[in-house]
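Nothing in this text is a laboratory measurement; each read-out follows from the coordinates by a stated rule. Since the model is a prediction, treat every value here as computed from it, not as a measurement. Glycine gets a Cβ as well: all are built from the backbone with ideal geometry, and neighbour counts include every protein chain shown.
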Amino acid sequence: MRLLSLLACALPLIELSQALGQKQVISFSPEGDSVRLAGRKNPGTLILDAEDWPGVLRTGEDLAADFKRVTGTGLTRFVINRTVDESYHRSTQSNTGNGVIIAGTIGKSFLIDELIKTGKIDVADIEGKWESFQTQVVSNPIIGVSKALVIAGSDKRGSIYGLYDVSEQIGVSPWYWWADVPAAQHSEIYAVSKKKVQGPPSIKYRGIFINDEQPALTNWVNDNYPEGKYEGYVSDFYVKVFELLLRLRANYLWPAEWNGIFDLDDEKNAYLGDYYGIVLGTSHTEPLMRWTKEQQIFLQGEWNWQTNEQNVRDFLRVGVERSKGYERVYTMGMRGVGDEASDSVTTELLGKIVEGQREIISDVYQIDDVTTIPQMWCLYKEVGQYFHEGLRVPEDIILLWADDNWGNIQRLPIGNETDRSGGAGVYYHFDYVGGTRNYKWINTISLQKTWEQMNVAYERQAREMWIVNVGDLKPLEIPLSHFFDLAYDHESWSSPSSTTKWIHHFAVREFGEEFADDIADIINKYGMYAGRRKYELLSPSVFSVVNYDEADTVLKEWAELTNKAQIIYNKLDASAQPAFFELVLHPCQAAHIVYDIYVTVAKNNLYADQRRTSANNLASEAVRLLGEDHTWTKTYHSILDGKWNHIMDQTHLGYNYWQQPMRNTIPPVSYVQVLEDSLAGKMGVSVEGSKGAVPGDDENNVANSNNTLVLPPMDPYVSHRWIEIYSRGTGSFDFEVSPHNPWVTATPSSGSISPTGNSTDVRVLLTVDWDNAPEGTNVAFINVTSSASYGNFEAPEIHLPIEKYTAPDSFHGFVESDRTVSIEPEHTSRNTSSEDEGAFYAIIPGYGRTLSGVTLLPVNAPSQSPPDSPRLEYDMYIHSSDVQANVTVYLGTSLNADPERPMKYAITFDDETPQTVQYVPSYDLGELPEMWGTVVDNASWTNQTIHHLEGGGKSHTLKLWAIEPNVVFQKLVVDLGGVRESYLGPPESPRV
């Protein structure tokens, strides 16, 4: 059973990294004019102004506690009045070795304002700006202090982020509580003598939607917190969320709403949200700060503006009244009950509803100009149709564009929409309940895809609000961190390769330098492997068990990833193991088990069709793996004395439609009868590329009546083919594999098969001595003989087609092999674009399902005009005679975010006229394009074009153009008659 070791090697905890991607102002040894802030024997001092924002004073408490986590001794915290009192003078004079931090908000802190007034700090770079701060070492800032680190914030959250920036740089992760990341240990902490200016953030409102929170998060909350008035999501829970958001440099929250009422579940929720400094909002379906559950409890009459307008107005007014004193963004518009469309809402009526809602805001706030009150209209699902039909809300309202629930943004601002005063934003999903399947168990997010989509959003001016649905929150720590770093400081992560860099920084921050390269590699590969297909969409039929060794290869990748994670886990200090388990090891192993279940069942089903005795062993193994899945869940729930019990309660095996199954189940397995030999005798034979079995044939098998199986063709670029010999009866037997041709070798060429134990099946590899093989096209014959009888059938015979062709030494490029040319798009023969000449092609490492993506940048480039626009070229050598080439292009799942510029590419061979392909059909906003379900299931658009090539030993050049910048190429497959069924497509062809 794959379980983490409970005993760890006693290695010292490695020092953590600076704030992720941010300018370093902290060191752990003296540097030039640096100032010592704290040490284990001499605690430092933090000075705040009592008149500053309460949230800033509270964050000061966190910073003091963070110093204790790092050095063992917390900061001494002074909150002073407008004049420095005598007790403070005496304290500083008697502790002259102490370092000092002075922090506060411009206009709220007497200390900061005095430093500005006396010219000791210059805040011109941040004053009046949103959520900005600066830090610098200042000499003689106040009486009795020779040097201090001064943190000045432009506003409440600017100061808070400045304080937490120091926390992160001294080695306290934002995930110290939520993911149990231990603080680095240091004996001393110094502030570097250089000025840092940070902000304003790239995106104004940056937040999460806690959603789909049953069963996992709700069960955990109910176990850990007292029940609130209507639900268990009380302030003791939410303050943990508030702190996490602020440490992640976020500022916005849509609270849990499936069965909760944030403002009423705990009377302290709303107050503490504002006290901490969090902007509150409600989801796309809950206008004016009233939760869905409130409709059921408090609304008089139906949720219908047309027939019950006054009661609905009164109901919504309460939401504005009770939130008036807090920092909120009001959701506008109206949908049906819950997350549904309303039959009563029309485009014309919705316009009147928004007018009525603004009247409510105006009346409650007693102002005529409501543009000063932040408002948002989320164009989610059917709401987009109203916009498509011409509805326009006042321009001060944020237009929150939505993705398709699967991470593909449906629409972004175009034309003069970028000039709206309210701006635009994006509602994004890392979790979803709905079609084509729920995905809410563990992390399935490709960080590279997140970068690609949010980079487009940023560059196309959707910069007012980014909010992401995070489901239960807990299993999505890594993608959530990445999302907020993109939102906070997008320019630092604007390059296509930035995700790889970000992952390494994350690994260093959480686990130190020693294992950072390996941990980053695991996180990077995990994102690709998990992003290939959501776990809830897996089935035994997804990955091929007969072609390209696909299923075995995918399973091997997960096994190697898990083993690598386990080795690192065993080497980490015991204090770091829980965090590594939660963030890295658990998702790898959990995924490995799930993949193992589906591949094992797939083989069981195939082997039962082939009447293999070993089918029964696989059925038993699938049941065992189901138990291992449960054991691994219990392991998660048991760490840290059960701190995270229930967080993995979500079912994830056995989906039949979009909704979650009520219990985990494995797919159907089959058993074969083993009480007697089969009609075809004791031995069976199958080959690569075929589901058939000999001796014998039936409707499930493709073997012909003379017991012949034909392998896929073999050429000098194919290392081997395989056949399998196995038990179909009750007795043991010997076998021998005898190639007729001396240049073919079978390994092993003989052996024994038993119906019990580990020798029920043997794979025999066929290799060719190409130096002695005949030129051109031939067929090699292989006999399989046995000590067992074949009943009424002849001895099996295997045919191996041989194609001995090679490219000339002068050729450079891809070579046809297996009647296929499969290409990873980054491996160009030529890229005719140049970054200096406008539009250019760039590689997104780790994007997609197999290696990387290639996209056209910048994202605001104009539509391209093949054949004159920049292109990608791929030289290939074709040895097949005159052929029809079917070229399948695998592309990213992006949608037509600009409906006037749908997603297109162009393709041709050599100098033929390019074929233009619009692979994402046009669709109306509020709807989804044809084939969308298949595309998101498969995590790829695919399109096929037909080309006629002159073969027989010719080189050709495939030319490829992205016509629109959002196009991302994932894979190219040229089918010359040899492509077989698979999920990921044929492995990349040889390049010479």
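So how far apart, in nm, are the two label points at residue 296 and residue 42 if each is 7 Å from Cα heading toward Cβ?
6.2 nm
In the chain, if the dipole is taken from +1 on Lys/Arg beta carbons and -1 on Asp/Glu beta carbons about the Cα centre, which of 378, 24, 951 is farthest to the positive end?
The Cα lying farthest towards the positive end belongs to 24.
Angle, helix 477-488 long axis vs. longest principal axis of the chain, Cα atoms, 0 to 90°, nearest 10?
60 degrees
Order 623-635, 930-942 from most to least packed using the mean count of other Cβ atoms within 10 Å. Could the numbers behind the result be given before it?
Details: 623-635: 16.7, 930-942: 18.7.
Those peptides, ordered most packed to least, come out 930-942, 623-635.
For residue 381, which aspartates and glutamates qualify as cross-link partners when the Cα separation must be under 13 Å and same-chain residues fewer than eight apart are set aside?
Filter leaves 339, 340, 403, 404, 924, 927.
Show log10 I(q)/I(0) for segment 932-989 at q = 0.12, 0.18 Å⁻¹, two decimals, from a solvent-free Debye sum over equal Cα scatterers.
One equal scatterer on each Cα of segment 932-989 leads to -0.40, -0.87.
To the nearest 20 Debye, how big is the dipole of segment 372-466 about its Cα centre, given +1 on the beta carbon of each Lys and Arg and -1 on that of each Asp and Glu?
Charge dipole of segment 372-466: 280 debye, to the nearest 20.
Show which lysines lie in cross-link reach of residue 904 when reach means a straight Cα distance below 23 angstrom and same-chain residues fewer than eight apart are skipped.
449, 959, 971
When Lys and Arg each count +1 and Asp and Glu each count -1, what net charge do the other residues less than 14 Å away from residue 881, Cβ to Cβ, add up to?
Values: positive: 819, 954; negative: 803, 816, 882, 950.
Here the charged neighbours net out to -2.
Extension gain residue 267-residue 924, at 0.36 nm per residue separation less the Cα-Cα distance, in nm? Could you put the intermediate results ahead of the total?
Numbers: separation 657, 0.36 × 657 = 236.52 nm, distance 4.33 nm.
Additional length available on full extension: 232.2 nm.
Quick check on my link table: of 240/571; 194/571; 23/147; 23/108, which ones sit more than 28 Å apart, alpha carbon to alpha carbon?
Values: 240/571 30 Å; 194/571 37 Å; 23/147 21 Å; 23/108 26 Å.
Distance filter (> 28 Å) returns 240/571; 194/571.
Could you tell me what % of all Cα pairs in segment 233-389 have separations over 29 Å? Walk me through the numbers before you get to the answer.
Numbers: 1984 of 12246 pairs.
Every Cα pair in segment 233-389 considered, those over 29 Å come to 16 percent.
Using the alpha-carbon atoms, what tilt in degrees (0 to 90, nearest 10) does helix 498-511 show relative to the longest principal axis of the chain?
70 degrees
If you take the square roots of the eigenvalues of the alpha-carbon gyration tensor of segment 838-899 and sort them as a ≥ b ≥ c, do you get rounded (a/c under 1.5), prolate (a/b over b/c) or oblate? Numbers along the way, then the final one.
Details: a/c = 1.98, a/b = 1.56, b/c = 1.27.
It comes out prolate by the Cα gyration axes.
Starting at the first residue of segment 884-900, write each ³J(HN,Hα) from the Karplus equation 6.51 cos²θ - 1.76 cosθ + 1.60 with θ = phi - 60°, in whole Hz, x for Gly and Pro.
Each residue of segment 884-900 in turn: 9, 9, 9, 9, 9, 9, 9, 10, x, 8, 3, 9, 7, 5, 10, x, 7 Hz.
Could you estimate the translational diffusion coefficient of segment 859-991 from the Stokes-Einstein equation, with Rh from the Kirkwood formula over C-alpha pairs, at 10 °C and 1.306 mPa s, in whole µm²/s? Provide the component values of the computation, followed by the final result.
Numbers: Rh = 15.9 Å.
Here the translational diffusion coefficient equals 100 µm²/s.
Specify, per residue and in Å³, the volume enclosed by the convex hull of the alpha carbon atoms belonging to segment 328-480. Mind showing how you got there, number by number?
Values: hull volume 19.7 nm³, N = 153.
Per-residue hull volume (Cα only) is 129 Å³.
Filter the GluC sites (Glu not before Pro) in segment 303-345 down to the DSSP loop ones having no more than 11 other Cβ atoms within 10 Å, then list what survives. Let's see the in-between values first.
Working: sites: 309, 321, 327, 340; in loops: 327, 340.
Answer by residue number: 340.
Could you name the aspartates and glutamates whose alpha carbon sits less than 19 Å from that of residue 41, not counting residues in the same chain fewer than 8 places away?
Within the straight-line cut-off, residue 41 pairs with 66, 188.
Can you give the net charge of the other residues whose Cβ lies under 13 Å from the Cβ of residue 302, counting K and R as +1 and D and E as -1?
Working: positive: none; negative: 309, 343.
Charge balance near residue 302 sits at -2.
For the chain, what is the convex hull volume of its Cα atoms per residue in Å³? The partial results should precede the final answer.
Numbers: hull volume 189.9 nm³, N = 992.
Dividing the Cα hull volume of the chain by its residues yields 191 Å³.
Measure nothing but the geometry: give the 0 to 90° angle between the long axis through the Cα atoms of 156-170 and the longest principal axis through the Cα atoms of the chain, rounded to 10°.
Helix 156-170 sits roughly 60 degrees off the main axis of the chain.
Among rounded, prolate and oblate, which fits segment 26-198 when a ≥ b ≥ c are the square roots of the eigenvalues of its C-alpha gyration tensor, a/c under 1.5 means rounded, and a/b larger than b/c means prolate? Write down the numbers at each step before the final one.
On the way: a/c = 1.44, a/b = 1.16, b/c = 1.25.
Rounded is the answer for segment 26-198, as its axis ratio a/c remains below 1.5.
Using only the Cα atoms of segment 100-158, build the gyration tensor, take square roots of its eigenvalues as a ≥ b ≥ c, and label the shape rounded, prolate or oblate: rounded if a/c is under 1.5, else prolate if a/b is larger than b/c, else oblate.
Values: a/c = 1.94, a/b = 1.80, b/c = 1.08.
In terms of gyration-tensor shape, prolate.
Cα atoms only, segment 683-804: Rg and Dmax in Å?
For segment 683-804, the Cα-based Rg and Dmax read 14.2, 44 Å.
Could you please report the charge total around residue 978, scoring K, R as +1 and D, E as -1 over all other residues with beta-carbon less than 9 angstrom from its beta-carbon?
For residues surrounding residue 978, the net value is -1.
Assuming R0 = 41 Å, what is the FRET efficiency of residue 767 and residue 913, from their Cβ-Cβ distance, to the nearest 0.05? Can you show the working numbers first?
Values: r = 44 Å, r/R0 = 1.07.
It comes out at approximately 0.40.
In debye, nearest 20: dipole of the chain around its Cα centre with unit charges on the Cβ of K, R (+) and D, E (-)? The partial results should precede the final answer.
Values: 81 positive and 132 negative charges, 474 e Å.
Its charge dipole is roughly 2280 debye.
Along each of its three principal axes, how wide is the spread of alpha-carbon positions in segment 495-672, in whole angstrom units, largest first?
Each principal axis gives a Cα extent; for segment 495-672 these are 53, 39, 32 Å.
Quick check: pseudo-label points 7 Å beyond the Cα along Cα→Cβ at residue 81 and residue 322, how many nm apart are they?
Going by the 7 Å Cα→Cβ label model, 3.8 nm.
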